[in-house]
Amino acid sequence: MKRSLKFRLGFLALAIISYVIGFQVMPEQLNSTYEMTVVSGISVLYFLVLPVLYWIAIINIGKQKPWKILAILSLSALMARLSFPEDIASYFEFVMWVRYPILAVILLFEIYLLFSVIKGLWQARKLKGDPRIKALNISDDEKSQMVGMIMAGEAANWFYSIPKFSANHPKAITNIKLLSAKAWFMWLMIGLCFIGSTIAYLLLVDWSEIAAILVSAIVGYGFLTFIANYRISRHYSLYVHDDKLVINNSIWGLLMVNIADIKAVTITETTKTKDEDILFVGRGDVANVTVDFNQTQRYFGAMGQLPEPIEQLLLVVDEPQKLQQTIELAQPNKADSES
């Protein structure tokens, strides 16, 4: 996992924990110095600590636009309106004016999600390969590929989650060792998905029952992604498709490389590095295969939302010899020399 993605996920987890703590410890009234101290501490957390960490983790390390700091400030203001004592929360009343626009956006997103489900299911029934691959082949432009990856994500979920749809999928050369390839991990994530759906409903039902139902449905729908995630990791993590080597870092990350762009595949033990130009895929800290390229490749992390350039690939696979032999036989110069 790349450094920028780790910081994004870390900040998201920290923000959720911070807001949950705020709701739990916030007093209903201000009747003592202790209660004032609690409110002051949570205010510092909401409006100083989280924005500073957002600036570091998202804007600075994640290379996002500075104006996006408004997102965390607006979210903190909304949390303050919902959790602070009434005499202080009233100062954040302006935030409640966005309640109905938020509901409208959620409703539109739900309608779009329903449309995407139907469309993805219809497309997946006739596909012979990962729909994300087709999206990457349309253009070499990074932004076009990123948008295509995101749009193809729903079809990919259905394509991989239903075995009949992926029956004609290219066979894996070998398997990358991934935690997501374990059945128990899939069931754990599905369980957490439905727990998250229940929690989302309970947190929002007092604010708006409609919003609670819509958000919990969106969260619960994520179970399909975890089924697809398991099947990709278990059966299709590393394969060749139309003279391209496809590397699936579960469903969350995808790298597609022209075999002609592969300089060498070396079977050697290499320790994981913090170098941003080197992608490490697999479980553990020591890779058993190194793949060098003739030119910079583009890795799409976070389901296509985070494209990153890489110069070298480190893999942890079950049978490294199979990968090496397959690539050597498929390379144009190798085939020409043997003929």
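Observations, loosely collected:
- Charge dipole magnitude, Cβ of K and R +1, D and E -1 - region 257-339, Cα centre, debye nearest 20: 160
- Taking a ≥ b ≥ c as the square roots of the eigenvalues of the Cα gyration tensor, an a/c ratio of 1.5 or more together with a/b larger than b/c marks region 218-329 as prolate.
- Protein-only accessible surface order, largest first, of LEU255, LEU306 at 1.4 Å: LEU306, LEU255
- Measuring only protein heavy atoms, the 1.4 Å probe finds LEU315 accessible over about 0 Å².
- Estimated inter-spin distance, SER144 and LEU203, nm [label 7 Å along Cα→Cβ]: 3.9
- Put ILE227, ILE190, ILE56 in order of accessible area, highest first, and with a 1.4 Å probe you get ILE56, ILE227, ILE190.
- When each of LYS65/LYS263; LYS272/LYS322; LYS65/LYS244 is checked by Cα-Cα distance, pairs over 32 Å: LYS65/LYS263; LYS65/LYS244
- By accessible area with a 1.4 Å probe, ligands and nucleic acids excluded, highest first: order of SER144, SER237: SER144, SER237
- In region 232-339, the trypsin sites (Lys or Arg not before Pro) that fall in loop regions by DSSP, at most 16 other Cβ within 10 Å: LYS272, LYS274, ARG283
- Accessible-area composition of region 138-238, carbon plus sulfur, in percent [1.4 Å probe]: 67
- Region 164-292 shape via C-alpha gyration tensor axes, a/c threshold 1.5: prolate
The values are calculated or read from the model by the stated rules, or taken from the named source; none is laboratory data. Since the model is a prediction, treat every value here as computed from it, not as a measurement. Methodologically, a virtual Cβ is constructed for each residue, glycine included, from the backbone with ideal geometry; neighbour enumeration extends over all protein chains shown. Surface accessibility is based on the protein's heavy atoms, side chains included, excluding ligands, DNA and RNA. Shrake-Rupley method; radii C 1.70, N 1.55, O 1.52, S 1.80 Å.
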